[in-house]
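None of the figures in this text is laboratory data; all of them are computed from the coordinates on show. Predicted model, so just to flag it, every value in this text is computed and none were measured. Neighbour counts run over all protein chains shown; Cβ positions are idealised from the backbone, glycine included.
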Amino acid sequence: MTALADVSCPTDAPAPDLAALADAPALLPVVGGDTLVPLVDGRRVPYANLDVAASAPALRSVADRVTEVLPLYASVHRGAGYLSQVSTALYEASRRTIGAFVGAREDDVTVVTRNTTDSLNLLAGCVPANADGTPGRVLVLDVEHHANLLPWQRTGGATVLAGGASVAETLSGLRTELARFPYALVAVTGASNVTGESLPVADVVRIAHDAGARVVLDGAQLVPHRGFSLADSGVDYVAFSGHKTYAPFGAGALVGRRDWLDGGTPYLAGGGAVRQVAVTGTQWQTAPARHEAGSPNVVGAAALAAACDALGALDPADLHAHEATLRAALVDGLEAVPGVHVVRVWDDAVDPVGVVTFSVEGHDPGLVAAYLSAEHGIGVRDGRFCAHPLLARLGYDAGAIRASVGVGTTGADVVRLVEAVRAYVEQGPAARYEVVDGCWAVADDPRPVPAGSGLEGLFATAAAGFLADAAGCGPAV
């Protein structure tokens, strides 16, 4: 398979020395970091979770915070009881913590949502219409996750711009397109969920603002891994998810300028979002209440705030060094395996986050991922990563394999992956695999499921093709 900006190593390239990396510890403890998983040969090994870009495990401190606040849980914003008052205070304090974590300006609004997708769909209903009533124009790149593409397509005002082979070429394309029409908004990823690469945010902001457009940043991959500040960057809105920020308790956030959020279509129609309701009409609240109808997820908000506190307490240099070291070892180790190709979007991108996507020449990515799980206890992602336009442009309609790291990843996890991929290439799988409803699975999989879990038939269910179709991330058909 060939692809734009594909990088592979010569077949005689020496394997990198990974011995020193094997002892590198996790940066923060996570729940499940010592979980043992079964292999097809009957052994149990510690799970190597290299699918952090999809959903990150909870920090132990976050889980402890959830345990602490659960006894205090009660109705929010509507109760006179003591626990209701405590829960309301907890929710609003969490909102302030979440906003502060992303450098919210004094007049910015923090809306608590479910996740990044929820946040961007909410903002899509707040982009002002043009003077003639047509939808406000939104410019988005083809490198985006579907969460930062589909909401804009649905509003009818989106232009999807193909990224260039380099960062410089892509920025030039943005500048040229913004000069053609008056755009209201530029929607751009903070870090690609496919390759970890990014455009320089300061340059994007300057180009967009010079053209009179605002900028929303999909911060799902950037915020947990590099930190981010609205005030320092000049970005107008940022969206991110708790489940990628080591707080998988159902909360996310949209943080940004108040005027659009105050005037936009209320995201949900219901209690809490209104000032006054009559049979003849409704007076809506301003943001954030305007977009938070119904009983809010106070536990999820508290969990996300706890994660923000924990990540914010880290030395940024330590966070960067930990991830950069692991990512570099992944790239170097994988490129040293014959036939392995590491995917890149831009040939001049700098400082990517810990997301590495690769392919094994001549081998189905689903088979490789199934092998890594069943024979090595390693969790990765395969498919098209909810980024179909990008994978198509890069020549990966059949998908690829993604490994991603975070604060709970150890050097040993990375070493295991590199050695497992090399073993796959050199020796092949030991177990027999078959395609079940379009997905690879171990034939007659002997691995047990947790007793009493109600998950009998787990692996047949997980391999069912309808799940891949529903996720929209499988190979093109």
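Please work out, to two decimal places, the log10 of the ratio I(q)/I(0) at q = 0.14, 0.23 Å⁻¹ from a Debye calculation in which every Cα of region 397-442 carries one identical scatterer. At q = 0.14, 0.23 Å⁻¹ the computed log10 ratios are -0.52, -1.02.
Convex hull volume per residue, computed on the Cα atoms of the chain, equals 163 Å³.
Here the alpha carbons of region 160-285 define both size measures, Rg and Dmax, at 17.4, 56 Å.
Applying both filters, DSSP loop and at most 12 other Cβ atoms within 10 Å, to the trypsin sites (Lys or Arg not before Pro) of region 84-130 eliminates every site.
Positive end of the dipole of region 35-115 (Cβ unit charges, origin at the Cα centre): among Thr67, Gly42, Ala56, the Cα lying farthest that way belongs to Gly42. When exposed loop sites are taken as GluC sites (Glu not before Pro) in a DSSP loop with at most 10 other Cβ atoms within 10 Å, the longest stretch of the chain clear of them is 107-455.
For region 91-237, the Stokes-Einstein estimate of translational diffusion at 20 °C and a viscosity of 1.002 mPa s comes to 137 µm²/s, using the Kirkwood hydrodynamic radius over alpha-carbon pairs.
When +1 charges are put on Lys and Arg Cβ atoms and -1 charges on Asp and Glu Cβ atoms, the dipole computed for the chain relative to its Cα centre reaches about 1520 debye. Where the eigenvalues come from the Cα gyration tensor of region 240-317, what are the semi-axes √(5λ) of the equivalent ellipsoid, largest first, in whole Å? Largest first, region 240-317 gives 31, 14, 8 Å.
Overall form of region 211-344: prolate. Here a/c, set by the Cα gyration tensor axes a ≥ b ≥ c, is 1.5 or more, and a/b is the larger of a/b and b/c. Projected onto the charge dipole of region 90-153 (+1 at Lys/Arg Cβ, -1 at Asp/Glu Cβ, origin at the Cα centre), which of Val111, Ser94, Val143 gives the Cα projection farthest towards the positive end? After comparing all options, I get Ser94.
In a DSSP loop and with at most 15 other Cβ atoms within 10 Å, there are no chymotrypsin sites (Phe, Trp or Tyr not before Pro) in region 179-267.
For the chain, the mean residue ellipticity at 222 nm estimated from helices alone is -10500 deg cm²/dmol, where every DSSP H run of n ≥ 4 contributes -39500 (n - 2.57) and the total is divided by all residues, rounded to the nearest 500. Divide the volume of the convex hull around the Cα atoms of region 367-456 by the residue count and you get 154 Å³ per residue. Across all C-alpha atoms in region 205-262, the radius of gyration and Dmax reach 12.5, 39 Å. With the charge dipole of region 262-413 set up from +1 on Lys and Arg Cβ and -1 on Asp and Glu Cβ about the Cα centre, the Cα lying farthest toward the positive end among the listed residues Gln285, Gly399, Pro316 is that of Gln285.
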